[in-house]
Every structure is written in C-alpha cells, then in structure tokens.
Amino acid sequence: MPIPTENVGSLPRPSALQEAMNAYDRGEISRDELEAKQDEACRDSIERMEATGQWVVTDGEQRESSFATYPLTDTLGGTGLADTLAPEGQYFAIFDDEHVRQLPRLVTGPFKYKTYAAEFVEKARAIATKPVKQAVIAPSMLMLLYPLDEEVPGYPREQFLDDLVDECEKDIRQCFQAGAVRVSMDFTEGRLANKNDSRNPWTGRDMLQDFIDLNNRVMDRFTAAERQDIGVHTCPGGDRDSVHSAEVPYEKLLSKMFDINAGYFLIQCASERDRENVYKLCGEYSRVDAYGVPQVCFMGVIDPLNPRVETPEEVKSELVTASTHIPVERLGATDDCGFSPFSLDEKPKHGSPDFARDIAFQKITSRVQGTHLASQELGV
C-alpha cells in the first residue's frame, strides 16, 4: 500500500479568532459569539485541509485552548478553568526565545476532565467529507498538574494517577466512539524530560521512564487492533515559532520512546540537523511487534516553524532516504509538530497568524504530493 501520511493536529488560528478569544477573556463578547468564530475557523480549516488531498483531516484545534489544556480550561487565558484547578502551576516549558507556557495546578480531587476531545470530533465530522482524526493530550503531560514535592490534601498522588489514567482512556475511547478513525497522543514533554533546566524543576527529576510507564498504563487498556490506530507524537516544541528542547540529544528519547506500546509514532525530523541519523535511530528502536502491533514511524518531512514551503520533490527525497533505514511498510510522513499548539500564537517568523495559516496548507499540500511521489518511486 502507498506510504501513509497525516497531520499532527493544530493549525494557526486566524487573527479574528484570536482577537475573539481575548475579547471573551475580557468579558466583551458572549460565549455564543466566540463559538461562532470557532465554527467559522473550523469549517475553513476542514475545507482547506480536504483540498490539500489529505485523506484524514482535523479541525486544526480551533476550538481548543491548547493541545495540553483543552480538558482543563475553556481558554488559554484561564476563563472556565476546571473547579479542581487553580492558575499558575508548574511551567510546562521555557522556550528558546525565553517565553514560557504554564500549566494550572491541582488543588483538590478527584481529577476529572472538564472537556473531552470527542466533542471536537463530533463537530468536525458534521463538516468533513473525509475521515477525521483527533489529537489528545498524553497523561504524562497532565501528570505535571500534581505538585512535585507536596501532597494535595486528601488526595494522594497514586489516586490522582489512577484517576488520570481513567480519564485519558475515556478521552481516547470517546473519540473513537464519536467517529474518529485515528487518535494520537501529544508527548512533547518526552524530549524535554532530558533537558534538566534549573529554571524548570520537573525537567531535572529524570521523569522520562515515569512518563513512559504512565502512558503505557493507558495503552494497556486497549487491544492490539485498537492500538494500531493510536499514535504518539513527539517534538521539541513548536510555539511562537520557537522550541524548548531541540538541543537535547534525540537518542536519549528515541532509545526509550518506542517502549510505549502505540501502533504508530509521529516523529519530528525535518528541522533536525542530521535527519538521516534520526531515520537510523527510528529504524533501530521501533518494534516490529509491540505486543501485537507493528510500530509505524511517521517521519516529519515538514517544518511548521519555517515559512519556507518544502517542495514535493524534497519530501519525496527524505522519504526515500528514510526507507533505507525504516522498512517501507512501517514508514509514514507527517509534519514536525502541530502548526500552532497554543491557541494564542503570534507566529513571529511568519509575520502574522493569517499568513502562517496560508503557508500551513501549502506545506500540507507539498507533504501529500511528495508522499505520493515517494510511494511511486518505491513501488508501493
């Protein structure tokens, strides 16, 4: 069969939608007015993504506060924060341009999602004429809601983790029940776990194995047939055209990441200096049999942080090279990251979110066309 290709999840939100989000946080517009802007952006996202030739589409996360906080709060500004949470928890990441992204903090139990991603799937399927996929947040990210060295009164850490695994399983199952054909978990914290940034204490706790074990607790709830369509995405960040952990040697993550019993992986690579080494590592560490599932490596052939549009021929060339290290039957193509994982994103290297949005669809078109060319050249 041809080399498969799919996007990670997010697309830049139009400037008009970002302005509406800020206005909603300030109390200047109603929830209905905000949702009307979200509806408009979702329809545009799906129609334009379908026009790229992409076989499976998303709404670009236009309704989500961010890839990490959609279960927790209505907006990135904190409006509609879940009752068990308070603002200003741990930093998720400190990016290379010095901006930070911060998680809420858990103040009481039990932990429950406020919003499940199935809600976005249902609304997307009402618009789409092609199959729909959905990105969800990994439990390893939400693990950071719990204080590092303290216990939430009356709610032990182990009980929180039990509840978290239940909620993550529910989130994925409901996406499939709502009609998603693919669900991928965002795991950008994986590479960051090896950074040991003194400004961000959790990164110095050697938590990667804890993250992998927790993610596998969710994977273990699914059959091999189900896990074939459950993916894991990794990248060194991609917010405001900046990253948080690209300098961390990739092998520290890739040598362990494939221990997660997922059916496929969406792997940042286009922005790496030594892309062929990444292909080699993925070929070496990915598993032919992950408890009944062959692990497919969707290699990043598009850099969402760079405004330059890759050509289909460049995409083809990268995939052909990758096929010398990764069996072609376990090779796929993707983008390095979501194009705007956080809903408020100025896209400074692009000049504006609207220009970045136009560029994103051009890049997706090149990925789809280049993957087709690679399939032809490789005879699959």
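See the values below:
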read-out: Mean projection area, nm², convex hull over Cα of region 120-177; value: 4.8 nm²
read-out: Values of log10 I(q)/I(0), in the order q = 0.09, 0.11, 0.16, 0.19 Å⁻¹, for region 230-375 under a Debye, Cα-only, solvent-free model; value: -0.26, -0.40, -0.83, -1.13
read-out: Kirkwood hydrodynamic radius of region 15-378, Cα pairs, Å; value: 20.7 Å
read-out: Potential extension, Asp220-Glu314 segment - 0.36 nm per residue separation minus Cα distance; value: 30.0 nm
read-out: Isotropically averaged projected area of region 212-285, using the convex hull of Cα atoms (one quarter of hull area), nm²; value: 5.5 nm²
read-out: Extended-chain gain in nm, criterion 0.36 nm per residue less alpha-carbon gap, Thr108 and Asn22; value: 28.1 nm
read-out: Assigned charges on the beta-carbon of Lys, Arg, Asp, Glu; region 68-146 dipole about Cα centre (debye); value: 440 debye
read-out: Distance between modelled label sites at Leu378 and Ala51, nm, 7 Å Cα→Cβ extension; value: 3.0 nm
read-out: All lysines inside 30 Å of Lys280 as judged from Cα atoms, apart from same-chain residues fewer than 8 positions distant; value: Lys133, Lys195, Lys252, Lys256, Lys316, Lys363
read-out: Peptides ranked, highest mean first, by Cβ atoms within 10 Å: ranges 258-270, 235-247; value: 258-270, 235-247
read-out: For Ser184, distant residues with modelled amide H under 5 Å away; value: Gln134, Ala135, Val136, Gly231
read-out: Selected from Pro327, Ser198, Val315, residue furthest toward positive end of dipole (region 15-378; charges at beta carbon); value: Pro327
read-out: Pairwise FRET efficiency - Asn277 versus Asp162, Cβ, R0 = 56 Å, nearest 0.05; value: 0.90
read-out: Normalised per residue, the volume of the convex hull around the Cα set of region 3-144 (Å³); value: 140 Å³
read-out: 16 Å cut-off, amide nitrogen to a point 7 angstrom out along Ser15 Cα→Cβ, residues in region 341-365; value: 344-359
read-out: Additional length obtainable on full extension of the chain from Val181 to Arg31, 0.36 nm per residue less Cα span; value: 51.0 nm
read-out: Ranked packing of 281-288, 12-19, 24-31, most packed first, by mean Cβ within 10 Å; value: 12-19, 281-288, 24-31
read-out: Alpha carbon centroid spacing (whole Å) that separates region 1-71 from region 271-346; value: 23 Å
read-out: Net charge contributed by nearby residues that have their C-beta within less than 12 Å of Cys175 (K/R +1, D/E -1); value: -1
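No lab work stands behind these numbers, since they all come straight from the coordinates. This structure is a prediction, so every number in the text was calculated from the model and none was measured. Here Cβ is always computed from backbone atoms with ideal geometry, including for glycine, and neighbour counts include all displayed protein chains.
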